[in-house]
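Participant: Mind looking over this structure? Questions follow.
The values are calculated or read from the model by the stated rules, or taken from the named source; none is laboratory data. Since the model is a prediction, treat every value here as computed from it, not as a measurement. Neighbour counts are summed over all protein chains in view; Cβ atoms, including those assigned to glycine, are modelled from backbone coordinates with ideal geometry.
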Amino acid sequence: MAESLVEAKDLCKTYGGTRAVDSISFTVPEGKIIGLLGANGAGKTTTLHMVLGLLKPTSGFVSVLGRSPFLDRSFIARSVNFSSAYGNLPLNLTLGENMTIFARLYGVRNRKQKVQELLDMFELTHLQNRVVGALSSGERTKVNLAKSLLNDPRLLVLDEPTASLDPDMADKVRTLLKKVQEGRGMGILYTSHNMYEVEALCDEILFIHKRRAIASGTSAKVREAFSSASLEQAFIKMVRDGNILCGEDR
Amino acid sequence: MIESLRRIYAMFLRYLYLHKRSLPRSLELIFWPVMELFVWGFLSLYLGTVVETGAAAVVMFLINGMIFWDILYRSQQSVSISVMEEIWHHNILNILVSPLRLWEWMCAAFIYGFIKSGLITIILGTIACVLYRFNMADSLGLHLVPLAGNLLLFGWIVGIYTSAVLLWWGYSGEALIWRAVPAAAALGDFLPACRAARTRSMAFALSAEHLRFRRHARRSRG
């Protein structure tokens, strides 16, 4: 059985009187892509931030690579990486400079070779002397993904990585991600609004609604749970009539 | 330890690249301090002609004050702006999830601030020497080193406080970083004037108070 890269049990996060995440449990096995699916404000990003050790859970337990992200941050940070559609590398530095800086931060060996390999993989080589601020949003997404693979992470955390991409670029990024994931056997924790993407990429899905997990499993299992022909239908059903599985929210 | 040094160097490199990429940012490094030196330098020369006695002391007081103020201000800015920069560029999460530790990040900012302040002091000292025949080393002697060192330290401490505010409040804390040094200096000077023990302990948290305390100790020793 594959080793669990992430184990989250009954994760809760409360800000003042507002509950952002309520009792969410999941695991990310090595070599699998786990998708967190939910509407805006469902609690997906907060959950990711707790896994990354950026936020402390109000209650519950999370371990990454068998260790606490709050006590063993240095160890975990070397084997984990992150990319988000809402983040950027410094916009006023060139792509090459940014990659060099992050390669140094992650202590990458054979830095130049690794950076070049990733730039080639994401077809960014011709842009390496351009400042990141002058790149299109699709190119910036690829830059973020290239940065996130610098340290050959065992766990990759992706927060809506294709949110700002056109369908063509999103498809290219998905294909590339799948190829990289299969080649390296890493685990990916993935959030998205794009149902097609989640269905195509993720081995298992965790549906989050109103800060609680209401269904989990393969996409077929989730579709079945909502008696829907597609994940998109299931999602719409969940958002419009989200109380079907959450007794307490009624 | 070597890994830490590598990460500190990486962040330091990040600040150097900024200057390489941005002419306005490099100009800003010397433009405002030089403008201030012109204003205060010529004002002190004028005051020197008006004041009947102690003209030299007026010139020394104002130009020294201006140069030391810049050391303090720049060292605080180098720490605060390094954090602000990551927030502006939406890069803060990339930094926080990387193996970089907070103290390593601050070290890189300190080194950057130290070099920046040193460079400005040399430029201003040279201009003051050429234009106003003012020599910092003559006016303060060896006291120059601990005084400048303490001001650097004070600037870094205020920088750490303002960075914490920025990380806590995000953009809305931005206004504080520009006026934090005058506020902290004022608190450091005026709080101990109040006799209440509570305000005195607050003042002791700021290193400006230690500057004042040492000055008094030296005076009382005669």
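Participant: Looking at region A:142-158, which of its residues are crowded, with 24+ Cβ neighbours inside 10 Å and over 16 Å from A:Val115 (Cα atoms)?
Facilitator: Matches in region A:142-158: A:Leu156, A:Val157, A:Leu158.
Participant: Restricting attention to region A:1-28, which residues are small (Gly, Ala, Ser) and part of a strand (DSSP E or B)?
Facilitator: Residues satisfying the conditions are A:Ser4, A:Ala8, A:Ala20, A:Ser23, A:Ser25.
Participant: So which helices (runs of 4 or more DSSP H) are wholly in region A:38-122 and hold at least 2 residues that are over 17 Å from A:Pro161 (Cα atoms), touching a Lys or Arg at 6+ places or on another chain (Cβ under 9 Å) and at the interface with another protein chain (Cβ under 10 Å from one of its Cβ atoms)?
Facilitator: So the answer is A:73-79, A:95-105.
Participant: Looking at region B:17-33, which of the residues that are hydrophobic (A, V, I, L, M, F, W, C) and loosely packed, with under 13 Cβ neighbours inside 10 Å is modelled with the highest pLDDT?
Facilitator: B:Phe31
Participant: Looking at (1) surrounded by 16 or more Cβ atoms within 10 Å (Cβ to Cβ); (2) more than 15 Å from the chain's Cα centre (by Cα), find the lone condition where A:Asn81 falls short.
Facilitator: If we test A:Asn81 against (1) surrounded by 16 or more Cβ atoms within 10 Å (Cβ to Cβ); (2) more than 15 Å from the chain's Cα centre (by Cα), just (2) comes out false.
Participant: Just give me the residues in region B:85-94 being surrounded by fewer than 20 Cβ atoms within 10 Å (Cβ to Cβ) and more than 7 Å from chain A (Cβ to nearest Cβ), in sequence order.
Facilitator: Result: B:Glu85, B:Ile87, B:Trp88, B:Ile92.
Participant: Let me ask something else. Counting just the residues of region B:39-65 that are surrounded by 13 or more Cβ atoms within 10 Å (Cβ to Cβ) and among the aromatic types (Phe, Trp, Tyr), which one comes out farthest from the other protein chains (Cβ to nearest Cβ)?
Facilitator: B:Phe61
Participant: Which of the residues spanning region B:101-121 are closer than 17 Å to B:Leu18 by Cβ and either among the basic types (Lys, Arg) or within 12 Å of chain A (Cβ to nearest Cβ) (or both)?
Facilitator: Answer for region B:101-121, where residues must be closer than 17 Å to B:Leu18 by Cβ and either among the basic types (Lys, Arg) or within 12 Å of chain A (Cβ to nearest Cβ) (or both): B:Trp105, B:Ala108, B:Lys116.
Participant: If you go through region B:49-59 one residue at a time, do you hit one that is within 22 Å of the chain's Cα centre (by Cα), part of a helix (DSSP H, G or I) and at negative phi?
Facilitator: yes
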